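What follows is calculated from the coordinates using simple rules that are stated; it is not laboratory data. The model shown is predicted, which means the values in this text are computed figures rather than measured ones. No Cβ is skipped: glycine too gets one built from the backbone with ideal geometry, and neighbour counts run over all protein chains shown.
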């Protein structure tokens with residue numbers, strides 16, 4: 001990026017030093033504002049990531065709970081079938097004997 005230098009600045013070292021100091025001050029202010037914005041953006045992204053993690057954990061708990069309910073239902077059905085099968089077998093032995 002080319003910098004426009006005035007004739008006075010080219011010919012006078014003090015003017016050049018003063019103008020450079022002003023340029024660096026403005027540049028530093030811009031960098032400080034940029035750093036503040038970047039810090040805010042980083043903080044916002046961290047919050048989003050934390051919320052996403054919490055949401056994922058909540059979804060996982062929901063899926064695990066639903067799976068446990070289905071498994072419990074299937075196990076109870078198997079137990080009822082085995083009890084009925086055992087009772088029918090016993091009745092056949094008693095009735096046939």
For Cα extents along the principal axes in Å, with candidates (i) 126, 19, 11; (ii) 61, 39, 14; (iii) 37, 32, 26, the value calculated from the shown model is option (i)
Short to long, in 5 Å steps from zero, the percent of alpha-carbon pairs of segment 4-60 per bin is 4, 16, 11, 11, 9, 8, 9, 6, 6, 5, 5, 4, 3, 2, 0
Output ordering of 44-53, 9-18 (per-residue mean of other Cβ within 10 Å, highest first) is 9-18, 44-53
The helix 13-96 Cα axis meets the longest alpha-carbon principal axis of the chain at an angle in degrees, between 0 and 90 and rounded to 10, of 0
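At 0.36 nm per residue, minus the direct Cα-Cα distance, what do residue 18 and residue 68 gain on full extension? Give it in nm, one decimal, please. Mind dumping the intermediate values first?
On the way: separation 50, 0.36 × 50 = 18.00 nm, distance 7.48 nm.
Going from the current span to full extension adds 10.5 nm.
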Summing -39500 (n - 2.57) over every DSSP H run of at least 4 in the chain, dividing by its residue total and rounding to the nearest 500, the 222 nm mean residue ellipticity is -34000 deg cm²/dmol
Two pseudo-spin positions, 7 Å from Cα along C-beta at residue 45 and at residue 77, lie apart in nanometres by 4.9
With 0.36 nm assigned to each residue of separation and the Cα-Cα distance removed, residue 59 to residue 29 gains 6.3 nm
